[in-house]
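Worksheet: the structure to be examined is printed underneath.
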Amino acid sequence: MSKSNYSIIWKYKVKSEKNELFRYEYGQEGSWSKLFNESGEYQGSFLYKSTSEPNTYLLVDRWFSQQAYESFIESKRDAYDFLSYKFKNLYESEEKIGSYDLVLPLGLD
């Protein structure tokens, strides 16, 4: 079995009046997923709402590999930057928590 799970995790503090639009655009049917779905190596995005911090979300974007993610972003830089600019008015803050590889059982990595 090969490594097939690279995740990028983002944290957003969303403007309260923009919650619904944010949830749509950053969810599985939104503009980001539509863009990323142009790559066969994109594995989906998962949006989590905080249970303790109002209007706070974690977004986990999953890719086959770090190289797949970086190559796609490089090839779609204009579209990526356009969406970033278009939706920055939905949130008060955006923080990249980090990038992570799935830890597989020993012997499978």
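Please treat every number below as a calculation from the coordinates, not as lab data. Predicted model, so just to flag it, every value in this text is computed and none were measured. Ideal geometry is used to build each Cβ from the backbone, glycine not excepted, and the neighbour counts take in all protein chains shown.
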Cα→Cβ-extended label distance, 7 Å offset, between R77 and S52, nm: 4.0 nm
For helix 66-75, report the angle its Cα long axis makes with the longest principal axis of the Cα atoms of the chain; keep it between 0 and 90° and round to the nearest 10°. 50 degrees
Estimated inter-spin distance, S84 and Q28, nm [label 7 Å along Cα→Cβ]: 2.7 nm
Please state the charge dipole magnitude for the stretch 6-101, taken about the Cα centre, from unit charges on C-beta atoms (+1 on K and R, -1 on D and E), reported in debye and rounded to the nearest 20. 240 debye
What are the principal axis extents of the Cα atoms in the chain, in Å, biggest first? 48, 34, 21
